[in-house]
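Presented below is the structure to which this report refers.
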Amino acid sequence: MNSRERLLTALNHREPDRIPLDLGSTQVTGIHVVAYRNLRAHLGLPPVEPRLCDVIQQLALPDDDVIEQLGVDVRGLFPLNSHNWNVTDVDVGDAWEYADEWGITHRRIKPDGLYYSAVKHPLAGDVSVQDVQAHAWPDTGDPQRIAGLGEQALAYRAQGKAVMIKGVLAGIFEMAQRMRGMEACLMDMASNEALAGALLDKMTELKLAFWEMALPRLAGAVDVISEADDYGTQASQLISPRMFRKLIKPRLQVLFQRIKQLAPGARLFFHSCGNVRPLLPDLIEIGVDILNPVQVSAKGMDDTAALKRRFGRELTFWGGACDSQRILPFGTLQEIRAETRRRIADLAPGGGYVFAPIHNLQDDVSGEKALMLYRTALEQGRYPIGAG
């Protein structure tokens with residue numbers, strides 16, 4: 001079977017010939033440009049100037065030769081957004097500074113900062129609902145954002161690859177934090193629900209504007225639609241499940257229902273780092289098909305066998321490949337291999353599993369270790385799992 005058939009079989013909770021593999025189909029399953037150069041060198045591939053699909057995170061778009069050597073099955077579509085479109089640096093002495101289309105200011109420290117961080121938030125301080133409404137919001141429904149993506153999707157399909165598309169802004173909760181600042185946003189949610197609600201509603205509206213423009217043009221060419229928002233910490237959640245159900249879940253439900261109306265043949269991928277174990281029944285209820293990244297280093301997410309038993313009939317797990325905080329950057333090759341084999345054994349039986357890094361491969365992952373990760377997946381990911 002080809003890559004697309006392999007992925008669709010897994011998403012239907014059946015066992016393909018081997019587990020599907022992903023690297024770089026989204027901004028949350030990618031590879032830092034430093035790690036990418038190191039991986040190419042370790043593979044013996046000629047040096048290239050990497051194309052960045054996300055300038056803020058400094059993520060390289062994997063080239064076809066890397067995709068083929070690693071056995072990657074999924075390719076991504078990256079609409080024009082504030083992380084890859086009109087990113088113009090200003091030299092401010094000790095850093096490069098960039099003000100994006102949202103009014104957020106980002107900085108990357110000289111001389112070799114690894115990524116940009118938000119340092120100024122356009123709706124910080126004492127603001128009102130009227131200030132939210134009056135802000136100069138980007139036109140997320142501009143068709144220019146998807147120019148050429150239909151042709152790109154068809155080219156990927158011609159290669160036999162499955163196709164993923166991401167949106168043009170972060171999650172409604174995460175984007176509200178970027179606009180207000182994290183502390184102010186959390187305080188709004190606790191003590192000024194009208195202001196918090198106005199901002200969350202605006203984020204939902206802007207997401208809908210993009211998908212209502214893009215999906216009628218692209219829905220038949222994409223297999224997976226990516227959405228994201230971060231609710232988890234290493235130990236718990238950024239907000240309580242009660243607050244999530246009151247302020248976030250109803251808005252997500254509106255968004256997800258509309259996406260599924262617009263693209264009924266595609267599956268909904270949802271990324272949330274950290275311990276989101278208490279929220280999984282809620283995410284399933286409102287239409288999430290795929291959970292990413294399965295952060296095994298977080299409390300509640302470490303027992304991947306238990307996650308599979310409890311949620312494996314309803315969710316496809318996309319990620320969970322190897323502990324990316326400790327073992328992947330700092331472990332031995334043997335430890336990486338053992339950890340990766342364990343996660344495959346837990347998550348892959350019965351289908352419903354796509355192999356990918358737990359979030360992005362960072363600069364501290366050597367080419368040798370990245371290759372071990374994928375080589376182990378290719379060797380151990382043949383069905384039936386564990387037969388060899």
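The values are calculated or read from the model by the stated rules, or taken from the named source; none is laboratory data. Source: prediction; values computed, not measured. Note: ideal-geometry Cβ built from the backbone for every residue, glycine included; neighbour counts use all protein chains shown. These accessible areas exclude ligands, DNA and RNA; they are computed on the full protein's heavy atoms, side chains included. Shrake-Rupley method; radii C 1.70, N 1.55, O 1.52, S 1.80 Å.
Quick notes on this one:
- Residue check for Tyr383: hydroxyl-bearing (Ser, Thr, Tyr) and surrounded by fewer than 19 Cβ atoms within 10 Å (Cβ to Cβ): yes
- Flag if Ala235 is open to solvent by 10 Å² or more (accessible area, probe 1.4 Å) and either out of contact with any helix residue (DSSP H, G or I) (no Cβ under 7 Å at 6 or more places or on another chain) or not in a strand (DSSP E or B) (or both): yes
- Qualifying residue in region 319-339 (condition: more than 18 Å from the chain's Cα centre (by Cα), under 26 Å from Ile239 (Cα atoms) and not in a loop (DSSP other than H, G, I, E, B)): no
- Any hit, region 265-274, residues being at pLDDT 95 or above and in a helix (DSSP H, G or I): no
- Figure legend. Inter-residue proximity from region 319-340: first residues in contact (Cβ under 8 Å) with a residue 60 or more places away in the chain, second residues open to solvent by less than 10 Å² (accessible area, probe 1.4 Å) and small (Gly, Ala, Ser), beta-carbon distance below 8 Å, spacing 6+ or different chains. Indicated pairs: Gly319/Ala356.
- Cβ pairs under 9 Å, 6+ apart, first in region 348-368 and without any contact (Cβ under 8 Å) to a residue 12 or more places away in the chain, second in a loop (DSSP other than H, G, I, E, B) and open to solvent by 40 Å² or more (accessible area, probe 1.4 Å): none
- For region 289-317, a residue qualifies if it is within 18 Å of Ile239 (Cβ to Cβ) and aliphatic (A, V, I, L, M), and the qualifying residues are Ala298, Met301.
- Test: residue in region 25-43 that is crowded, with 18+ Cβ neighbours inside 10 Å, assigned to a loop (DSSP other than H, G, I, E, B) and charged (D, E, K, R): no
- Subset of region 1-24 (residues that are among the polar types (S, T, N, Q) and open to solvent by 30 Å² or more (accessible area, probe 1.4 Å)): Asn2, Asn12
- Hits in region 349-379 (condition: touching a Gly at 6+ places or on another chain (Cβ under 8 Å) and polar (S, T, N, Q)): Asn360
- Failed condition for Trp85, given (1) open to solvent by less than 60 Å² (accessible area, probe 1.4 Å); (2) touching an Asp or Glu at 6+ places or on another chain (Cβ under 7 Å): (2)
- Annotation: Lys246 fulfils all but one of (1) open to solvent by less than 50 Å² (accessible area, probe 1.4 Å); (2) part of a helix (DSSP H, G or I); the unmet one is (1).
- Within region 72-99, the set of residues being part of a loop (DSSP other than H, G, I, E, B), of a type outside the set (S, T, N, Q) and under 20 Å from the mean Cα position of the chain (by Cα) comprises Val72, Asp73, Phe78, Pro79, Leu80, His83, Trp85.
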